[in-house]
Amino acid sequence: MMFVGVNSPIGHACGLGFDGPVTATDLDRLEEFYRSHGAPAQVDLCPLTDPSLLELVKSRGYGIHELNNVLYRPLDKNEPTGEVSGVSIRRSNPEEARAFSEILSRCFFENGDAPEGFAEMLAPLFRFPEALTFLAFVDGVPVAAAAGRVIPEHRIFALFGAGTLPDFRGRGIQTALLRTRMKAAAEAGRELAVVVTLGGTISYRNCVRVGFEVAYSKATLIKHWDRA
């Protein structure tokens, strides 16, 4: 169960029902956790989830909040380098954490309604030894950001936290950041890359374009307390 501020895109529970049936007490605990933070209860449901969770949420008035695809792609030691004319891409450093966070805040919340503390939540990425963070620059100014995490025990690289400022979209920067991260992951000895995207989006199409395939889809279900 994750909570990092009301309306945060990662404020939901995941993995519930992966290791067996879910009880009403389990869901009570989840709901109380989110209610105590003044947030709606959110939980992921996918084909790997025990059917008991679906029956419980159906009886409690949950609705679909988001539908995502989990995509994967084998990595190759000869992954191509991501390049775009007029754009330079490199690993970012802790001194650039604020710039990195501000880009993603502006990309994820274009109306300026980022949850309190969202940018601060991203800053610790720069202290995680398993995390890889990148910035893309145009004329020396950072215009796009992307991150990933090495999961050594499974030889997997998880891609996340990618965004390009509106004025610089449509130039292939995100595709270049995808390729740059995959190359770095392959060089680190990872075998698979994994990414989660909304279906039908530019992000989804970018991933498919570089060879990602859908492993499974998952729904994020939500329960608003004022609509119970």
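The values are calculated or read from the model by the stated rules, or taken from the named source; none is laboratory data. Being a predicted model, the structure only gives us computed values, none of them experimental. Neighbour counts are summed over all protein chains in view; Cβ atoms, including those assigned to glycine, are modelled from backbone coordinates with ideal geometry. Side chains included, ligands, DNA and RNA excluded: accessible areas come from the protein's heavy atoms. Shrake-Rupley method; radii C 1.70, N 1.55, O 1.52, S 1.80 Å.
Rounded to the nearest 0.05, what FRET efficiency do Ala123 and Thr201 give with R0 = 22 Å and r taken as the Cβ-Cβ distance? Could you check? Kindly include the intermediate steps, with their values, before the conclusion.
Working: r = 26 Å, r/R0 = 1.19.
Calculated value: 0.25.
Based on the Cβ-Cβ distance of Ile10 and Glu130, what FRET efficiency does E = 1/(1 + (r/R0)^6) give at R0 = 22 Å, to the nearest 0.05? Intermediate values should be presented prior to the final figure.
On the way: r = 17 Å, r/R0 = 0.77.
About 0.80, to the nearest 0.05.
Tell me, which longest segment in the chain has none of the GluC sites (Glu not before Pro) that fall in DSSP loops with at most 16 further Cβ atoms within 10 Å?
Details: sites that count: Glu83, Glu110, Glu116, Glu130, Glu191.
The answer is 1-82.
Put His65, His224, His154, His12 in order of accessible area, largest first, 1.4 Å probe: what do you get?
On the way: His65 100, His224 60, His154 120, His12 25 Å².
Largest to smallest exposure gives the sequence His154, His65, His224, His12.
Rounded to whole Å, give me the distance from the Cα center of the range 87-121 to that of the range 1-22.
23 Å
Where does the charge balance sit around Thr133 when Lys and Arg score +1, Asp and Glu -1, over other residues with C-beta under 9 Å from its C-beta?
On the way: positive: Arg91; negative: Glu96.
Taking every other residue near Thr133 into account, the sum is 0.
Nearest-5 percent of antiparallel DSSP beta bridges in the chain?
90 percent
Would you work out which of Pro80, Ala123, Gly148 lies farthest towards the positive end of the dipole of the range 71-150, given +1 charges on the beta-carbon of Lys and Arg and -1 on that of Asp and Glu, about the Cα centre?
Checked the options; the winner is Pro80.
Name the longest site-free stretch of the chain, where the excluded sites are trypsin sites (Lys or Arg not before Pro) in a DSSP loop with no more than 16 other beta-carbon atoms within 10 Å.
Values: sites that count: Arg60, Lys77, Arg155, Arg169.
Within the chain, the longest run free of exposed trypsin sites (Lys or Arg not before Pro) spans 78-154.
Given a cut-off of under 8 Å on Cα pairs at least six residues apart, what relative contact order in percent is computed for the chain? Intermediate results must be reported in sequence, preceding the final value.
On the way: 413 pairs, mean separation 69.8, N = 228.
Once divided by the residue count of the chain, the mean separation gives 31 percent.
How much mean residue ellipticity at 222 nm does the chain get from its helices, if each DSSP H run of length 4 or more adds -39500 (n - 2.57) and you divide by all residues, to the nearest 500 deg cm²/dmol? Write out the running numbers ahead of the final one.
Working: 6 runs with 62 residues, N = 228.
Mean residue ellipticity at 222 nm (helix-derived): -8000 deg cm²/dmol.
With a sphere of radius 14 Å drawn around the Cβ of His37, what net charge do the other residues whose Cβ falls strictly inside it have (Lys, Arg +1; Asp, Glu -1)? Can you show the working numbers first?
On the way: positive: Arg29, Arg35, Lys223; negative: Glu31, Glu32, Glu116.
Around His37, the charge tally is 0.
With angles folded into 0 to 90 degrees, how steeply does helix 97-108 sit against the dominant principal axis of the chain? Use alpha carbons for both and round to 10.
Helix 97-108 sits at roughly 60 degrees to that axis.
Relative to the longest principal axis of the C-alpha atoms of the chain, give the angle of the C-alpha long axis of helix 173-187, reported between 0 and 90° and rounded to the nearest 10°.
Tilt relative to the chain: about 90 degrees.
Between Ser85 and Ile151, what's the calculated FRET efficiency when r is the beta-carbon distance and R0 is 41 Å? Round to 0.05. Walk me through the intermediate numbers first.
On the way: r = 33 Å, r/R0 = 0.81.
The value I calculate is 0.80.
Among (1) 1.48; (2) 2.81; (3) 1.07, which one is Cα Rg over 2.2 N^0.38 Å computed from these coordinates?
Checked against the structure: label (3).
Kirkwood Rh over Cα pairs of the range 1-71 into Stokes-Einstein at 10 °C, 1.306 mPa s: D in µm²/s? Don't skip to the answer; put the middle values down first.
Working: Rh = 12.7 Å.
Taking Rh from Cα pairs, D becomes 125 µm²/s.
Nearest 20 debye, what's the magnitude of the dipole of the range 89-211 about its Cα centre given +1 on Lys and Arg Cβ and -1 on Asp and Glu Cβ?
Numbers: 15 positive and 13 negative charges, 120 e Å.
Magnitude of the dipole: close to 580 debye.
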